[in-house]
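Each value in this text was obtained by applying a stated rule to the coordinates, not by laboratory testing. The structure presented is a predicted model; accordingly, all values stated were derived computationally and were not measured. Glycine also receives a Cβ, built like all others from the backbone with ideal geometry; neighbour counts cover every protein chain displayed.
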Amino acid sequence: MLPDFLSAEGERRCRRLLAGATARYRARPAAAAVLVPLCLVHGAPALLYTLRSSHLAGKHKGDVSFPGGKCDPTDRDVVHTALRETLEEVGLLVPEQHVWGILQPVSDQRKFTVVPVLASVGPLDPQSLRPNREEVDEVFALPLAHLLQAQNQGYTHFCQRDHSQYTLPVFLHGPHRIWGLTAIITEFTLQLLAPGTYQPCLAGFRLPRS
């Protein structure tokens with residue numbers, strides 16, 4: 001039986017575990033920030049994702065992502081960036097007090113750093129959202145129960161020119177494949193929420209002891 005991810009006790013545990021990282025990363029400059037929206041869809045805990053517009057420039061158009069974007073000089077911090085971008089992209093207003101904390105930042109091969117901000121947005125119908133069609137083609141949610149099932153998890157192995165190898169997670173069998181930085185952030189989130197249920201492939205991330 002899965003734990004009650006959105007219980008008051010679960011929230012306190014997550015806030016406590018993330019407190020150190022939140023204090024450490026909140027004030028640091030970063031290239032971008034995303035919101036990891038933990039929601040209830042038909043009574044089931046889920047994560048909310050977006051499908052980036054296929055008309056955007058760059059190699060990540062059409063990819064699954066969390067709502068978010070580049071940090072603006074007028075943003076107070078990365079939390080403000082994530083909340084602002086979420087409102088702009090999907091029309092979802094998330095109060096700052098609903099933010100649980102900051103997960104470990106991730107970087108792509110160009111050293112472009114993205115800071116994930118975890119927040120609980122409560123009961124939600126993804127179909128009721130009105131995304132900005134210039135940036136987002138679709139908004140969808142995946143239940144945590146789906147993401148935690150082994151048959152929906154996979155791994156992609158990469159070998160670079162210098163023959164170094166690394167492995168990244170991928171989540172399958174939803175409406176769209178989740179890979180890249182979004183899959184890494186999803187893995188961090190599952191490890192935080194269900195440490196006894198989910199076994200990550202990324203050895204570099206460790207939660208502090210509760």
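Give the order of GLU88, GLU134, GLU187 when sorted by the count of other beta carbons within 10 angstrom, beginning with the fewest.
The order, fewest Cβ neighbours first, is GLU134, GLU88, GLU187.
Using a Förster radius of 30 Å, what is the FRET efficiency between ARG24 and LYS111 based on their Cβ-Cβ separation? Nearest 0.05, please.
0.95
Place a point 7 Å from Cα of ARG76 in the direction of its Cβ. Which residues in region 110-146 have their backbone N less than 19 Å from it?
115-121
Restricting to region 8-143, what percent of DSSP beta bridges are antiparallel, rounded to 5?
The antiparallel proportion sits near 70 percent.
Note down the nm distance, to one decimal, between modelled labels 7 Å out along Cα→Cβ at LEU172 and at ASP137.
2.1 nm
Cα gyration tensor of region 8-143, axes a ≥ b ≥ c as square roots of the eigenvalues: rounded (a/c below 1.5), prolate (a/b > b/c) or oblate?
oblate
So if I place +1 on the C-beta of Lys and Arg and -1 on the C-beta of Asp and Glu, and nothing else carries charge, what would the dipole magnitude of region 8-143 be about its Cα centre? I want it in debye, nearest 20.
Roughly 580 debye for region 8-143.
Got a sec? How would TRP179, TRP100 order by Cβ neighbour count within 10 Å, fewest to most?
TRP179, TRP100
Using each residue's phi in region 21-27, evaluate 6.51 cos²θ - 1.76 cosθ + 1.60 at θ = phi - 60° and report the 3J(HN,Hα) Karplus result to the nearest Hz, with x for Gly and Pro.
5, 4, 5, 6, 9, 4, 8
Sort LYS111, LYS70 by Cβ crowding within 10 Å, fewest neighbours at the top.
Least crowded to most crowded, the residues run LYS111, LYS70.
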